[in-house]
1. Which far-off residues, 5 or more places away or on another chain, put their amide H under 5 Å from the one on Ala158, with H placed in the peptide plane?
2. Which of the peptides 214-225, 117-128, 56-67, 141-152 is most tightly packed, and how do the rest follow, going by the mean number of other Cβ atoms within 10 Å of each residue?
3. Let me check I've understood the local charge: for Cys126, count other residues with C-beta under 14 angstrom from its C-beta, Lys and Arg +1, Asp and Glu -1. What total comes out?
4. Which pairs in the list Lys128/Lys150; Lys150/Lys171; Lys171/Lys238; Lys171/Lys246 are over 23 Å apart, alpha-carbon to alpha-carbon?
5. Using θ = phi - 60° and the Karplus relation 6.51 cos²θ - 1.76 cosθ + 1.60, list the HN-Hα couplings for region 211-223 in order, rounded to whole Hz, with x at every Gly or Pro.
6. Calculate, in nm to one decimal, what Arg200 and Lys246 gain on full extension: separation in residues at 0.36 nm each, minus their alpha carbon distance.
7. What shape does region 119-258 have by the C-alpha gyration tensor, where a ≥ b ≥ c are the square roots of the eigenvalues, rounded means a/c under 1.5, and otherwise prolate means a/b greater than b/c and oblate the rest?
8. Could you tell me which of rounded, prolate or oblate describes region 112-180, using a ≥ b ≥ c as the square roots of the eigenvalues of the alpha-carbon gyration tensor, with rounded for a/c under 1.5 and, failing that, prolate when a/b is larger than b/c and oblate otherwise?
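None of the figures in this text is laboratory data; all of them are computed from the coordinates on show. Worth saying up front: this structure is predicted, and the values here are computed from it rather than measured. Here the Cβ is made from the backbone with ideal geometry for all residues, glycine too, and neighbour counts use every protein chain on show.
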Amino acid sequence: MELFDWTNIRIIDVVDIVLVALLLYYLYKLVKGTVAINIFFGIVILYATWKVTELLEMEMLSKVLGGFLGVGMLALVVVFQQEIRKFLLLVGSTNFRARKRLFSKLKFFSETGSSNINVSAIVRACKKMSESRTGALIVIQRNNRLDFVKSTGDMMNAKVNQPIIESIFFKNSPLHDGAIIIEDNVITATRVILPVSNDRSIPQRFGLRHRAAIGITEKSDAVCLVVSEENGQISYIKEADFVLFKDLDELESILENDLR
C-alpha cells in the first residue's frame, strides 16, 4: 500500500479542509436541539458507510448506497426546509449585526455571551398577564430584521420593562390588539399584524395569536411569547414550533440562551 505523501499538501488544501470543517460544524449547530439532528447524524453515518464500502471495493453495496445518496438529495431539501431557510436568511441578511453573529457562531471556541434584553421583565409581565387572563403576543427579533411586519403597526421607542408591557396589553389600552416587536431591549412597534400560519397540523384549540406567532417564526428567526386570553397559558414558539418548559424559571433560561 502506497503511503500518503504529506509533502504534497498545498496551502489551498488546508484551507479547503478548514472550510469544510467549519461548514459541517455550523450545520450541526443549526440543527442542534431539533428533530433534524437525528436525520443529520443518519446522513453522516450513511455517507461514512458508503465511503468505507468504496475503500473495501464492495462494488454492489457501494453503488446502492451511492445511488440512494444521489436521489436522496432532493428529499433532504424537503426534510431540512426550515433549517435551509434559516441558514439562507442569515447569510443573505443585510443586517451587519446579524452577519457578525453568524460569523461568531462559526467559531469553535467562543465565549458564552449574554443577552442585553431584559428577559426577566418580559417573563414577569407574561406571568402577571397569565394570572389576569390578558392576551398578549410578544415578538423578539434576533438576526433577521422584521421591518416587513413593523410597518403594519405603530412605531414606538420604549425600553423594555414589566409595567410597559402590561400596560400595552391591558384590555382597555388602544395598543393591545396585535403584537409588539422587541429589538435590543427596546419595544419598537405595537399593534403589529403578523402573517398567520396555514399549517393544518396546528391543533384547533390554538387561536389566531398562536397561528400568528408560528407564522412569523416560519418567515424569520424571531422568537415569540404568547399569553392565551382564554386560559392564561404561556406559550414559547421558536422556528414554527412550540418549545416545552416546566416552569417560568426554565422558560427564562431557555429564552436567555436563545437570545445570546
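1. Amide H to amide H, under 5 Å and 5 or more residues apart or across chains, Ala158 pairs with Ile187.
2. Working: 214-225: 21.9, 117-128: 19.4, 56-67: 12.7, 141-152: 17.8.
The most tightly packed comes first, giving 214-225, 117-128, 141-152, 56-67.
3. Values: positive: Arg124, Lys127, Lys128, Arg133, Arg209; negative: Glu131, Glu166, Glu229, Asp247, Asp249, Glu250, Glu252.
Here the count lands on -2.
4. Working: Lys128/Lys150 26 Å; Lys150/Lys171 21 Å; Lys171/Lys238 26 Å; Lys171/Lys246 28 Å.
As for pairs spanning more than 23 Å Cα to Cα, those are Lys128/Lys150; Lys171/Lys238; Lys171/Lys246.
5. These are the phi-based 3J(HN,Hα) values: 5, 5, 5, 5, x, 6, 7, 6, 9, 7, 9, 5, 10 Hz.
6. Working: separation 46, 0.36 × 46 = 16.56 nm, distance 2.65 nm.
Roughly 13.9 nm would be gained on extension.
7. On the way: a/c = 1.18, a/b = 1.04, b/c = 1.13.
Rounded is the answer for region 119-258, as its axis ratio a/c remains below 1.5.
8. Values: a/c = 2.05, a/b = 1.14, b/c = 1.81.
Verdict is oblate for region 112-180.
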